[in-house]
Amino acid sequence: MLVVLIGIVIIAIVVYIGILAYQQRIRRQVATLAEKKASLLKIPLADELHLVGQLSLTGQSLEQFEALQSDYDEITKHRLPRIDDQLTELQKASRGMNLLQLRQDLAKAALLVDQTDELVQTVQSKLAELQEIDKQHRQAVHDLEQKYQELRKTLLAKNFAFGPSIDGLEEQLSHLEDNFDTFTQLTQEGDHERASDVLSQLKEDTSALENLLTAIPPLYKDLTAIYPDQLKELQSGYQQLKAQDFQFSDHDIPGSIQEVTDQVKDNVATLAALRPDDAKIINERIATRIDALYAVMQKEIDAKGPVEKNLDGVAKFIAHAQNQNHTLLNELDRLSQNYTLDHQELETARELNEQLRNIDGVYQRDVQDLTGKSATYSVVLGHQEQQQKDLHQIEEQQAQILKSVAGLADEERQARETLRQFDFKLHSLRRQIENLNLPGVPQSYLDYFFVVRDEVEQLVTDMDQPQIDMERITKQLLIIQTDLDTLEEKTNDLMDSAELAEQLIQYANRYQTSHEDVAAASQQAAELFEKQHEYSQALETIATVLDKVEPGSYKRLEDAYYERKGRQKPAERDAAETTKKK
C-alpha cells in the first residue's frame, strides 16, 4: 500500500512539473507575440499616410489611398486592441490548468498577429508604390517636356533633311504634345492610374516619332541627291556612248532611266506619308536597277577593246581551220580510194566543214555590223569567245581524225609482211609432216590445217581488194596468228607422237618372244600406226605395256627424244604457259 502511495505521489509531482513547464512555454510564446506586435507599432504608417495624403490624389489613385486609410484604421482601431486583449487573457490563463483551451487561444492570437502583420506590410508597400508612381510621373513630365523641346528644335533646324515628310512629322509631334499636356494635368491632379495609361501610349508614340526622325533623312537624301545625280550621270553617259556608235541590243536605257526617275518621285510621296519601311524597300529596288544600268553600259565599254583586238586573230583562226579541213578532206578522199574508213572520218570532216562555214558566217555578219556601226560589242565578244572555243574543238577533232588514218599505209605494209610470214609458216609445217613419210595423217589434223590455210587464203583475197578494210584485216591477223600457233603445237604433237611410237614399237621387239602382252600390244600399236594413223593412241598403247615389262623405259626414251629435238615435253610446255599467264 505504501508503494502505491509513493507511486501516485511521484506521478502527481511529474504531472505538476509538466504543467508548470507547459505554462512557462505558453508565457514565452505570448511574450514573442507581444514583441512582434510592438514591432508593428514601430512602422511609421501614420507618417506615410500623411505624406501620401498631401499628394492631392484624385480618381482611382484617391480611391486606392482611401482604401489604404481604411485598412490603417482597421489596424489601429480594431486589430491592435484586439491583439492586446487576447495577449492579456493568455497571460492570465497561462496560470490555470485548462491546457487545451489555452493552446486554442494561443493559436487564435498568433493567427491574428500574423494577419495584422501581413496587412501592415501590404499597406506600407502600396503607400510606397503611390509615392514612387507620383515621383516617376513627375520625373516623366520633366523628361518628356525636354524631349519634345529637342524634337521641335530638330524639326525646325533640319526641316530640309525631311523634305515633304516634315508636315506629317510636325503633326505627330503636335499630337504628342497634346497628349503630354493631358498626362501633365493628370499627374498634377494626382490621378496616377489614368496618367499611367497615357504615359504608356506617350512612350510608344514618342519612340515611333524618334524612329521616323532617324529613318527618313538617309532615305530622303538617296531620293533627292544620290539617285538623281546617278540618273543624270547615266543619261549623260548614254548620250556620249551613242555618239560613239555604241549599241545596247534589247536594252532600252532611256526608257529604263525614265522609269527609275518616276519611281524616285513616287517613293518621295511614300516617304511623305511616313512609311519609311516601304520607302526603304523601294529604295533598294531603285539602287539595284541603277546598278544594272551602269553594268549594261560598262559591259559594252569593256567589250569594245577585246572585240577590236580579236577581229584579226579570229579571222586567221577561221582561215587556218578551213585550210586544214580542206587538206583533211582531200587526204580522206584519197585514202578512201584504197581503204575502208570505219569510223565515219569522212562524214565527220564534212560536218566540221559545215561548222566552219557557220562560224565564218557569224563572223562576217559581225564584221558587217561593226563596219555599219550597228554592232553590240558585248554580243560580238560573246560570238568571238564561242568561236575561239569551237575552233579549238574543231582543231582537236581534225588532229584525232588525221591520227586515226595516218598509219593506214604502214599498217597495210606490216599486214602484208605478216601475211607473207603466215604463208611461209604454213608451208613449213606442211613440209615437216611430209618429211616424216608417215603412212597417213589424222583427219582431225588435216581439218584444222585446211581451216588455217583457208583463213590465210581469205586474208590474201581481202588484201587484194581495191579498197582495204584495215580494221577488219587487223582482227583477221590476230585470229590467224592464234590459230597458226595452235596448228604449230598440233604439228609438233603429231610428229612427236609418230616418232616416239615408231621408236617404242622397235624397242618392244626384244620382248615379243618372251612376253605375249608385249607382242599383242605391238601388233595393236602397229595397226593404229599403219592403218588408222592414230599415232598418239599407238604411242600410249605400246608405252603402257613397256612400262609394265621394263619400268621407266618410256620416260627414258621420251627424255632422250626431247633432248635430241631441243624442245620441251608437252606437259612441261603447258605448265610453263600456265605459269606465264598467271
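The values are calculated or read from the model by the stated rules, or taken from the named source; none is laboratory data. Everything numeric in this text was worked out from a predicted model, so none of it was measured. Please note: Cβ atoms are built from the backbone with ideal geometry, for glycine as well, and neighbour counts cover all protein chains shown. Accessible surface areas use protein heavy atoms only, side chains included; no ligands, DNA or RNA. Shrake-Rupley method; radii C 1.70, N 1.55, O 1.52, S 1.80 Å.
Could you identify the single residue in Asp277, Asp262 that is open to solvent by 40 Å² or more (accessible area, probe 1.4 Å), at negative phi, outside any loop (DSSP other than H, G, I, E, B) and modelled with pLDDT of 90 or more? It would help to see each step written out before you state the result.
Working: Asp277 fails: modelled with pLDDT of 90 or more.
Selected residue: Asp262, the only one of Asp277, Asp262 that is open to solvent by 40 Å² or more (accessible area, probe 1.4 Å), at negative phi, outside any loop (DSSP other than H, G, I, E, B) and modelled with pLDDT of 90 or more.
On the given criteria, is Ala498 touching a residue at least 12 places away in the same chain (Cβ under 8 Å), open to solvent by less than 30 Å² (accessible area, probe 1.4 Å) and in contact with a helix residue (DSSP H, G or I) (Cβ under 7 Å, 6 or more places away or on another chain)?
Yes; evaluated as a whole, the condition is true for this residue.
For Leu487, state whether it is at pLDDT below 85, surrounded by 16 or more Cβ atoms within 10 Å (Cβ to Cβ), within 29 Å of Ile433 (Cα to Cα) and touching a Phe, Trp or Tyr at 6+ places or on another chain (Cβ under 9 Å).
Numbers: at pLDDT below 85: no; surrounded by 16 or more Cβ atoms within 10 Å (Cβ to Cβ): yes; within 29 Å of Ile433 (Cα to Cα): yes; touching a Phe, Trp or Tyr at 6+ places or on another chain (Cβ under 9 Å): yes.
Spelling it out, it is not the case that Leu487 is at pLDDT below 85, surrounded by 16 or more Cβ atoms within 10 Å (Cβ to Cβ), within 29 Å of Ile433 (Cα to Cα) and touching a Phe, Trp or Tyr at 6+ places or on another chain (Cβ under 9 Å).
If Glu284 passes every condition in (1) within 27 Å of Lys373 (Cα to Cα); (2) open to solvent by 50 Å² or more (accessible area, probe 1.4 Å) but one, which one does it miss?
(1)
Sort out which residues of region 443-466 are in a helix (DSSP H, G or I), without any contact (Cβ under 8 Å) to a residue 24 or more places away in the chain and farther than 26 Å from Leu494 by Cβ, and write them in order of number.
Thr461, Asp462
Taking region 516-547 as the region of interest, how many residues are open to solvent by less than 10 Å² (accessible area, probe 1.4 Å), hydroxyl-bearing (Ser, Thr, Tyr) and closer than 11 Å to Ile505 by Cα?
Result for region 516-547: 1.
Considering (1) of a type in the set (S, T, N, Q); (2) farther than 30 Å from Leu329 by Cβ; (3) open to solvent by less than 50 Å² (accessible area, probe 1.4 Å), say which one Gln432 fails and leave the rest.
(3)
Within region 213-224, which residues are of a type outside the set (Val, Ile, Thr) and over 15 Å from Val268 (Cβ atoms)?
Within region 213-224, Leu213 is the sole residue that qualifies.
Working only within region 511-542, note down all residues that are under 21 Å from Thr491 (Cβ atoms) and either touching a residue at least 24 places away in the same chain (Cβ under 8 Å) or hydrophobic (A, V, I, L, M, F, W, C) (or both).
Of everything in region 511-542, those that are under 21 Å from Thr491 (Cβ atoms) and either touching a residue at least 24 places away in the same chain (Cβ under 8 Å) or hydrophobic (A, V, I, L, M, F, W, C) (or both) turn out to be Leu528, Phe529, Glu530, His533, Glu534, Tyr535, Ser536, Ala538, Leu539.
All but one of (1) in contact with a Leu (Cβ under 9 Å, 6 or more places away or on another chain); (2) without any contact (Cβ under 8 Å) to a residue 40 or more places away in the chain hold for Gln386, so report the exception by its number.
So the condition that Gln386 fails would be (1).
Evaluate the following for Val260: is it within 30 Å of Ile359 (Cα to Cα) and of a type in the set (A, V, I, L, M)? Please lay out each step first, then the result.
Working: within 30 Å of Ile359 (Cα to Cα): no; of a type in the set (A, V, I, L, M): yes.
Against the criterion (within 30 Å of Ile359 (Cα to Cα) and of a type in the set (A, V, I, L, M)), Val260 does not qualify.
Which condition number does Gly255 fail, the rest of (1) more than 17 Å from Thr224 (Cα to Cα); (2) open to solvent by less than 40 Å² (accessible area, probe 1.4 Å); (3) not in a helix (DSSP H, G or I) being met?
(3)
Confirm whether Asp469 is under 22 Å from Leu419 (Cβ atoms), surrounded by 15 or more Cβ atoms within 10 Å (Cβ to Cβ) and either in contact (Cβ under 8 Å) with a residue 60 or more places away in the chain or touching a strand residue (DSSP E or B) at 6+ places or on another chain (Cβ under 6 Å) (or both). Give the steps one after another, and end with the answer.
Working: under 22 Å from Leu419 (Cβ atoms): yes; surrounded by 15 or more Cβ atoms within 10 Å (Cβ to Cβ): yes; either in contact (Cβ under 8 Å) with a residue 60 or more places away in the chain or touching a strand residue (DSSP E or B) at 6+ places or on another chain (Cβ under 6 Å) (or both): yes.
Against the criterion (under 22 Å from Leu419 (Cβ atoms), surrounded by 15 or more Cβ atoms within 10 Å (Cβ to Cβ) and either in contact (Cβ under 8 Å) with a residue 60 or more places away in the chain or touching a strand residue (DSSP E or B) at 6+ places or on another chain (Cβ under 6 Å) (or both)), Asp469 qualifies.
Condition check ((1) touching a Pro at 6+ places or on another chain (Cβ under 9 Å); (2) modelled with pLDDT of 70 or more; (3) open to solvent by less than 70 Å² (accessible area, probe 1.4 Å)) across all residues:
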residue: Leu151; (1), (2), (3): no, no, yes
residue: Ile166; (1), (2), (3): no, yes, yes
residue: Asn179; (1), (2), (3): no, no, yes
residue: Leu212; (1), (2), (3): yes, yes, yes
residue: Ala215; (1), (2), (3): yes, yes, yes
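Applying the selection to region 535-565, what residues are assigned to a helix (DSSP H, G or I) and of a type in the set (Gly, Ala, Ser)? Lay out the reasoning, then the answer.
Kept after step one, since they are assigned to a helix (DSSP H, G or I), are these residues of region 535-565: 535-549, 553-565.
Correct list: Ser536, Ala538, Ala543, Ser553, Ala560.
Determine which single condition Gly440 fails, assuming it passes every other condition in (1) in contact with a helix residue (DSSP H, G or I) (Cβ under 7 Å, 6 or more places away or on another chain); (2) in a loop (DSSP other than H, G, I, E, B).
(1) is the only condition that Gly440 fails.
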